[in-house]
Amino acid sequence: MQQFLRDYLELHGYWVLFLGTFLEGEAILIMAGFLAFQGYLNLVGVILTAFAGSFFGDQFYFYLGRWKGPLLLKIFTSIARKFHKALKLIEKYGNLVAFISRYTYGFRIILPIILGMTNLPAIRFLWLNLISALTWAAIFSCAGYLFGKSASLFVEDVHRYEPYLMLALLGLIACMWLFHFIHAWLRKRPARARLHRMRQRCREQEDNGKA
């Protein structure tokens with residue numbers, strides 16, 4: 001089974017990683033870093049593949065926004081809902097948004113699209129995206145690699161406990177995602193409370209009008 005997994009990852013692992021980082025990426029990149037520690041993948045290959053997927057992904061989303069931005073706002077309500085929040089981030093951080101977009105939860109794909117709809121020069125976005133993609137790929141792949149390295153300090157035979165370590169890593173990633181969800185929910189709670197009060201007032205006004 002272990003040999004089959006090794007052969008499969010050597011053949012398809014980098015393509016899966018490329019597609020994963022093209023779309024989103026943190027979870028699959030951390031896992032790839034751990035698999036690099038286990039010897040299934042090469043760490044430099046993981047970093048370069050993730051860099052390529054992330055870089056070309058954001059370039060694609062940027063030009064998608066530049067060419068089809070208004071149409072996307074009409075078709076996809078999720079983009080339209082986050083449009084004004086993304087603009088506020090762009091107004092606050094300026095060109096730095098192009099660098100930090102892949103680190104922002106919930107705006108990983110939307111920010112490059114909206115940046116493409118602004119007057120940000122394409123060449124400036126390219127250079128910011130280049131630096132950001134490289135640092136992002138190195139940080140998260142090394143995080144997975146260091147997880148395996150840390151585990152080896154406490155577990156003598158890492159390969160023997162490999163399934164349990166992968167489950168533990170998946171649990172940590174799930175906790176990270178859960179933290180993001182809870183944080184986003186708490187941030188939206190005041191807005192939901194205001195909306196609830198507004199609806200209550202509207203209902204009260206309607207009831208008074210009927211009376």
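Residues in region 119-135 that are exposed (fewer than 15 other Cβ atoms within 10 Å of the Cβ) and either under 16 Å from residue 89 (Cα atoms) or of a type in the set (Asp, Glu) (or both): 119 only.
Screening region 97-113 for residues that are of a type in the set (Phe, Trp, Tyr) and modelled with pLDDT of 75 or more and picking the one that is surrounded by the fewest Cβ atoms within 10 Å (Cβ to Cβ) gives 103.
Please verify whether residue 146 is aliphatic (A, V, I, L, M), at pLDDT 75 or above, under 27 Å from residue 51 (Cβ atoms) and part of a helix (DSSP H, G or I), treating the condition exactly as stated. Answer is yes for this residue. Being among the small types (Gly, Ala, Ser) and surrounded by fewer than 14 Cβ atoms within 10 Å (Cβ to Cβ) narrows it down to one of 148, 144, 94, so name that one. Answer to the selection: 94. Scan region 11-48 for residues that are without any contact (Cβ under 8 Å) to a residue 40 or more places away in the chain and part of a helix (DSSP H, G or I) and the total you get is 14. When residue 80 is tested against (1) in contact with a Lys or Arg (Cβ under 8 Å, 6 or more places away or on another chain); (2) modelled with pLDDT of 80 or more, just one condition goes unmet, and that condition is (2). Counting the residues of region 22-57 that are in contact with a Leu (Cβ under 6 Å, 6 or more places away or on another chain) and within 18 Å of residue 129 (Cα to Cα) gives 3.
Residues that are hydroxyl-bearing (Ser, Thr, Tyr) and within 12 Å of residue 114 (Cα to Cα) were ranked within region 54-74; the one that is surrounded by the fewest Cβ atoms within 10 Å (Cβ to Cβ) is 63.
The values are calculated or read from the model by the stated rules, or taken from the named source; none is laboratory data. Quantities reported herein were computed from a predicted structural model and do not represent experimental measurements. Using ideal geometry, Cβ is built from the backbone for each residue, glycine included, and neighbour counts are taken over all protein chains shown.
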